[in-house]
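Down below is the structure, laid out as structure tokens.
The values are calculated or read from the model by the stated rules, or taken from the named source; none is laboratory data. Only a predicted model underlies this, so the values are computations on that prediction, with no experimental measurement involved. With ideal geometry, Cβ positions are generated from the backbone for all residues, glycine too; neighbour counts draw on all protein chains shown. Remember, those area values only see protein heavy atoms, side chains included, never the ligands or the DNA or RNA. Shrake-Rupley method; radii C 1.70, N 1.55, O 1.52, S 1.80 Å.
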Amino acid sequence: ANLYGRIATGLVGKPRRVVLKEGEGFATDMKGTIHADPYPLGREADPRHNLVVTRAGIHHELGHELFTSPELFARVVAIAEGKQNVEGLDGGRRILPMIFNIIEDGRMERQLSHTYAGVAETMAASCRLEPRWDEKVGEGVPDHHQLVGALLYTSLPYYRLRPELRDQMSASARILFDELEPVMRRGVHGLSEAAFEAALAIARRFEQAGLIQAP
């Protein structure tokens, strides 16, 4: 924990504390304390691989501290809870936090990688070690599952949607993905407000397409 804390502090030049707790993933209190899993790949995995993925997870949380707007995320939560109305968004409000998080993750990871030396290499190595989607596509797979995975791999800078998977998507999922892909790209390459607007647009489109699942 002290080692990871020194790494985080040295990266951003400000005091950061890391708390290790196995099996509880990664999180930040947005005030300088990061919670991290020392065995994200399991205790049986190569210790070097666990170290890379843990370090990448800490970098990711630092990115939220540095580049994600708490005020904007609070607005997303307020919309999701029905405390703030948005034109054209009803049931789609339930998936807004998930969609915003996917876009904001890709946006701030790009900004983090461009700002701090060594981050890009660590993040890219982690992506080779830890898939984030099962890559299941096709007519027998729900469009919601195909689209969320494809949009996730479009958003994050060191994953990608393989061309053969795109070709194998169900016809309806492929049509909607072709429509939403440029919206996703605008969100991840802009400022936080662009990520918010892209999330609203995608949530609305999911609702219109009847793809809103129970939370």
Would you be able to say whether some residue in the stretch 178-199 is of a type outside the set (Val, Ile, Thr), under 30 Å from Glu44 (Cβ atoms) and modelled with pLDDT under 95? no
Quick one: in the stretch 162-183, which of the residues that are among the charged types (D, E, K, R) and part of a helix (DSSP H, G or I) is surrounded by the most Cβ atoms within 10 Å (Cβ to Cβ)? Arg174
Which members of the stretch 1-16 meet the condition of being open to solvent by 40 Å² or more (accessible area, probe 1.4 Å) and closer than 18 Å to Phe67 by Cα? Thr9, Gly10, Gly13, Lys14, Pro15, Arg16
Among the residues of the stretch 96-113, is any closer than 23 Å to His189 by Cβ and without any contact (Cβ under 8 Å) to a residue 12 or more places away in the chain? yes
Say we look at the stretch 192-204 and pick out the residues that are charged (D, E, K, R) and in contact (Cβ under 8 Å) with a residue 60 or more places away in the chain; which of these is most open to solvent (accessible area, probe 1.4 Å)? Glu193
Residues of the stretch 134-159 that turn out to be under 20 Å from the mean Cα position of the chain (by Cα) and within 22 Å of Ala201 (Cβ to Cβ), as a count: 16
Would you point out which residue out of Glu44, Glu24 is open to solvent by 80 Å² or more (accessible area, probe 1.4 Å), farther than 18 Å from Leu66 by Cα and touching a strand residue (DSSP E or B) at 6+ places or on another chain (Cβ under 9 Å)? Glu24
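Pick from Glu71, Glu81, Glu87: which is over 19 Å from Phe206 (Cβ atoms), free of Cβ contacts under 8 Å to residues at least 40 places away in the same chain and among the acidic types (Asp, Glu)?
Result: Glu71 is the single residue among Glu71, Glu81, Glu87 that is over 19 Å from Phe206 (Cβ atoms), free of Cβ contacts under 8 Å to residues at least 40 places away in the same chain and among the acidic types (Asp, Glu).
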When every residue in the stretch 27-37 that is touching an Asp or Glu at 6+ places or on another chain (Cβ under 7 Å) and in a strand (DSSP E or B) is compared, the one surrounded by the fewest Cβ atoms within 10 Å (Cβ to Cβ) is Ala27
State all residues of the stretch 129-140 that are hydrophobic (A, V, I, L, M, F, W, C) and open to solvent by 50 Å² or more (accessible area, probe 1.4 Å); if no residue qualifies, say none. Leu129
Output yes when any residue across the stretch 141-152 is open to solvent by less than 40 Å² (accessible area, probe 1.4 Å), assigned to a loop (DSSP other than H, G, I, E, B) and closer than 26 Å to His60 by Cα, and no when none is. no
Expected output for the stretch 43-59 (first residue at positive phi and touching a residue at least 60 places away in the same chain (Cβ under 8 Å), partner open to solvent by 80 Å² or more (accessible area, probe 1.4 Å) and of a type outside the set (Phe, Trp, Tyr), Cβ below 7 Å, 6+ apart or cross-chain) is none
Go through the stretch 55-101 and give me each residue that's open to solvent by less than 30 Å² (accessible area, probe 1.4 Å), touching a helix residue (DSSP H, G or I) at 6+ places or on another chain (Cβ under 7 Å), over 19 Å from Leu152 (Cβ atoms) and in a helix (DSSP H, G or I). Ile58, Leu62, Leu72, Ile79, Gly91
